[in-house]
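Notes to accompany the following structure.
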Amino acid sequence: MRRSVLLGTGSALPRTVVTNADLAERVDTSDEWIVERTGIRQRYIAEADETTSSLATAAARAALDAAGIAAETIDLIVLATATPDQTFPATATRVQADLGCRGGMAFDVAAVCSGFLYALGTADSMLRSGMAKRALVIGAETFSRILDWEDRATCVLFGDGAGAIVLEAQEQPEDEASPRGILATRLHADGEHNSLLYVDGGPSTTGTVGKLRMKGREVFRHAVVNLAEVLQEVLEETGLTSDDIDWLVPHQANARILDATARKLNMPVEKVVVTVSEHANTSAASVPLALDRAVRDGRIVPGNLVMLEAMGGGFTWGASLIRI
Ligand code: UT7
């Protein structure tokens, strides 16, 4: 049986840290409000010379180093982003050129905050079907470029960054008791909720880039319900229970959503990787950033069962279970 096995993780953050106190000088907010409602204490914001592709390339290089493989051996790059360098070509092709790998496939996936899960599911299908052998799956964003810095309800919530993983197609015995790699991925979308989380611009409508708009309270409500459902689906598909999961690596939108999701899964908070306080919501980058953090600090080790999940604009949402 062919599975997509994780060979390495990497991440990259912009140079500049912006604290809640810094934001309180620009809009009518406070460190107390932001920490209490979201758990966020700071975020990294890209300078003019830092782009989605430069962050993605740095994260990809770190993942390749961790995997101990050369960039030329990558034949598939799937990059999740809602903030591409250009409307086209895909930012993945810029990353491919910057890494120095040629000839394989490279394309972007647009599913906003759940983009990394969609990219992972896509790459996994292509690896298992034999279309590719080694893939880079990247989530990278410069959300600071699409924020309305006058809108306190949204500008305090997001940050910039990138995370990447290397996957390789490997043959494993059908009856392997503890198979490594991606065990199951479930993805969903419900386009009815466009107006709750969207950008008010685009090439074919306004001809502008636009700014992010969100009805936070409604998104919050949907997130808790949708995430609990999709996590249950993945557990049912794999015949596992939440007790079997070593680590939950959730999308980092709000500490209260993380707590509520862990509670619904009956998972102790000690098993949840939380980076929202430091990174804020980095959209498609948030799951691979958190994953890389927990791999590098030694929490996540080979053999661990790790559940990834995310929910975002569209709405789109999904979850994936991986044995490291
Ligand atoms: O990644 C994609 C998915 N996105 C999410 O998952 C985000 C989900 N939503 C959330 O995380 C939360 O809904 C927010 C953090 C966005 C907001 O928290 P909330 O507890 O739902 O607050 P709220 O929107 O109901 O606003 C409460 C009050 C309002 O004032 P009034 O109307 O009660 O007088 C807001 O105007 O807080 C006010 N407020 C602020 N006050 C200080 C909103 N933003 C701020 C702010 N500083 N930055």
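The values are calculated or read from the model by the stated rules, or taken from the named source; none is laboratory data. As the structure is a computational prediction, the values presented were derived from the model and not from experiment. Using ideal geometry, Cβ is built from the backbone for each residue, glycine included, and neighbour counts are taken over all protein chains shown. Calculation scope for accessible area: heavy atoms of the full protein, side chains included, ligands and nucleic acids excluded. Shrake-Rupley method; radii C 1.70, N 1.55, O 1.52, S 1.80 Å.
Only one of these conditions is not met by Q170: (1) within 14 Å of the ligand (Cβ to nearest atom); (2) surrounded by fewer than 20 Cβ atoms within 10 Å (Cβ to Cβ). Which number is it?
Going through the list (1) within 14 Å of the ligand (Cβ to nearest atom); (2) surrounded by fewer than 20 Cβ atoms within 10 Å (Cβ to Cβ), Q170 breaks only (1).
Going through segment 133-167 one residue at a time, which ones are touching a Ser or Thr at 6+ places or on another chain (Cβ under 7 Å) and acidic (D, E)?
Scanning segment 133-167 gives E141, D148, D160.
Just one of (1) open to solvent by less than 10 Å² (accessible area, probe 1.4 Å); (2) more than 10 Å from the ligand (Cβ to nearest atom); (3) among the aromatic types (F, W, Y) trips up W247, so point out which.
Single failed check for W247: (1).
Among the listed residues T91, T73, which satisfies the condition of being away from the ligand (no atom under 16 Å from the Cβ), open to solvent by 40 Å² or more (accessible area, probe 1.4 Å), hydroxyl-bearing (S, T, Y) and at pLDDT 95 or above?
Of T91, T73, the one residue that is away from the ligand (no atom under 16 Å from the Cβ), open to solvent by 40 Å² or more (accessible area, probe 1.4 Å), hydroxyl-bearing (S, T, Y) and at pLDDT 95 or above is T73.
Cβ contacts < 8 Å: first residue more than 16 Å from the ligand (Cβ to nearest atom), restricted to segment 296-310; second residue of a type in the set (G, A, S), any location; separation 6+ or different chain. Result?
Close Cβ pairs satisfying both conditions: I300/A294; G303/S178; M307/A319; M307/S320.
With the checklist (1) aliphatic (A, V, I, L, M); (2) within 12 Å of the ligand (Cβ to nearest atom); (3) farther than 30 Å from E150 by Cα in hand, flag the one item L196 doesn't pass.
Here L196 meets the rest and fails (3).
State yes or no: is V209 within 16 Å of the ligand (Cβ to nearest atom), open to solvent by 40 Å² or more (accessible area, probe 1.4 Å) and either touching a residue at least 24 places away in the same chain (Cβ under 8 Å) or in contact with a Lys or Arg (Cβ under 6 Å, 6 or more places away or on another chain) (or both)?
Judged against the criteria, V209 is not a match.
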